[in-house]
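Asker: First the structure, which I've put down as structure tokens, then a few questions once you've had a look.
Read-outs throughout are calculated quantities, based only on the coordinates presented, and are distinct from any laboratory measurement. All figures in this text were calculated on a predicted structure; none of them were measured in a lab. When we count neighbours, we look across all protein chains shown, and the Cβ atoms used for this are built from the backbone with ideal geometry, even at glycine.
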Amino acid sequence: MRNIFLGIVIAFVIVFGLRYCENKKDNREILEANTALIQKELKNVGKLIVTEGSYAQVFTYNDSKDLLYGMFDARKKALVVVNAKASIAYDLSKVNTTVDETTKTVTITNIPEPELSINPNIEYYDVTQDYLNQFSASDYNKIKQRVEKSLRKKIEASELRTNAQNRLISELQKIYILTNSMGWKLEYNGKPIEEEQDLQKLKL
């Protein structure tokens, strides 16, 4: 009787041990599969987001040069019309992430700075210039620098940057949805992202 009981106990231990090992193996395989899927999806998110806008500007360029100790001056003037295309890009391939299988946590460690590109088309009208003060390459470079500085300031205050940030956050939300659906956690520089609205609060 004792031998039968002992045999049952041993059989139970063996069966339980086998099932435990199988479950542990299955869980490990699921974890590895989930990790591989997350890493694959993180690479898919790594694309270039470009937000574009158009801007127009008109201003008058004036310049004068004193001659003969200020007795005379030579002037030049032009009406400058600018039509510019501007874009703000986020290169998401530069988003750095770490994947921790143990804690099932994806951590975003770096979000790239936006890249602003301005392509102005500058046209000149009503150009007048005295013989001793004519337009030169220096003037055109000065005008271009003035245009780009003015446009940059205008773009910074416009909705273009906000729209670009919204598109960036939309892409980051895909990471949150993925990790959340698989029971993983998402963090940004050690701070947990517990809901999609937390991404809106990030200082970009």
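Asker: May I ask you to list the lysines whose Cα is less than 30 Å away from that of Lys149, ignoring any residue fewer than eight positions away on the same chain?
Answerer: Qualifying lysines at Cα under 30 Å: Lys47, Lys65, Lys76, Lys77, Lys85, Lys94, Lys201, Lys203.
Asker: Can you compute the modelled spin-label distance between Leu132 and Thr60, with each label point 7 Å from Cα toward Cβ, in nm?
Answerer: 2.3
Asker: Please rank Leu48, Leu79, fewest neighbouring Cβ atoms within 10 Å first, as an exposure proxy. Provide the component values of the computation, followed by the final result.
Answerer: Values: Leu48 11, Leu79 14.
Final ranking by Cβ density, sparse to dense: Leu48, Leu79.
Asker: Let me ask something else. How much length is gained if the chain between Ala36 and Thr162 is pulled fully straight, taking 0.36 nm per residue apart and subtracting their Cα-Cα distance, in nm to one decimal? Before the final figure, lay out the partial values.
Answerer: Details: separation 126, 0.36 × 126 = 45.36 nm, distance 3.34 nm.
Value of the extension gain: 42.0 nm.
Asker: Out of the GluC sites (Glu not before Pro) in the range 128-204, which ones are loop residues according to DSSP with at most 12 other C-beta atoms within 10 Å?
Answerer: Values: sites: Glu148, Glu156, Glu159, Glu171, Glu187, Glu194, Glu195, Glu196; in loops: Glu194, Glu195.
Listed in order of number, the matching sites are Glu194, Glu195.
Asker: Could you work out how far the C-alpha centroid of the range 77-125 sits from that of the range 162-204, in angstrom?
Answerer: Between the Cα centres of the range 77-125 and the range 162-204 lies a distance of 18 Å.
Asker: What ranking do Phe72, Phe135 get, fewest neighbouring Cβ atoms within 10 angstrom at the top?
Answerer: Numbers: Phe72 11, Phe135 17.
The fewest-first ordering by Cβ neighbours comes to Phe72, Phe135.
Asker: Pairs of alpha-carbon atoms within less than 8 angstrom and 6+ residues apart define the contacts here; what relative contact order does the range 46-200 have, in percent? Mind dumping the intermediate values first?
Answerer: Working: 252 pairs, mean separation 38.4, N = 155.
About 25 percent, as a whole number.
Asker: Dipole of the range 46-200 (Lys/Arg Cβ +1, Asp/Glu Cβ -1, origin at the Cα centre): which of Ile88, Thr98, Leu48 lies farthest to the positive side?
Answerer: So the residue furthest toward the plus end is Ile88.
Asker: Still on this model: Treat the count of other C-beta atoms within 10 Å as a stand-in for reagent exposure and order Thr51, Thr162 from fewest to most. Don't jump to the answer; show the numbers that get you there.
Answerer: Working: Thr51 20, Thr162 11.
Fewest to most other Cβ atoms nearby, the residues stand as Thr162, Thr51.
Asker: Assuming 0.36 nm per residue, please report the length gained on full extension of the stretch Gln173 to Lys153 beyond their Cα-Cα distance. Present the calculation step by step, with values, prior to reporting the outcome.
Answerer: Working: separation 20, 0.36 × 20 = 7.20 nm, distance 2.95 nm.
Roughly 4.2 nm would be gained on extension.
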